[in-house]
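See below for the structure under consideration.
Each reported figure results from applying straightforward, stated rules to the coordinates on display, with no laboratory input. Treat the numbers as computed from the prediction; the structure is a model and nothing was measured. FYI the Cβ positions are ideal-geometry reconstructions off the backbone, even for glycines, and counts take in every protein chain you see.
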Amino acid sequence: MKQSKIRTGAIALVMGLCLAPLAPAVAAQNQDSSAQQPAAPQKENAQKTYYGKIAKLQGGKYALVVDVKASRGYILDDQKAAAKFAGKKALVTGTVDPKTKLLHVVKIKPAF
């Protein structure tokens, strides 16, 4: 019986020591979230102009490659318009879907 109480006490002590550092962070987070007022909605899909080279990918789709070294680019949703600029540098205006990295094309023009 004594050993059971000692084990229970030891487990409670260990759990308390493990969870103690989290308590101030959780309390601060709760205070911050209750004090905040709803923020104005942000424009997530703001239209921008992107510069890069239009390339045909292995799957046959066209993409705007904006940084070759970092392998960064966007698949273009207007494949017909992109095909006209294949292999060329272009300015593509549109909005990016952050989840799919799909660039919804408004216009494409050659970059000089």
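Computed values, structure above
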item: Convex hull volume per residue for the stretch 48-110, taking Cα atoms only, in Å³; result: 78 Å³
item: Simple label model, 7 Å out from Cα along Cβ direction - K99 to A46, nm; result: 2.2 nm
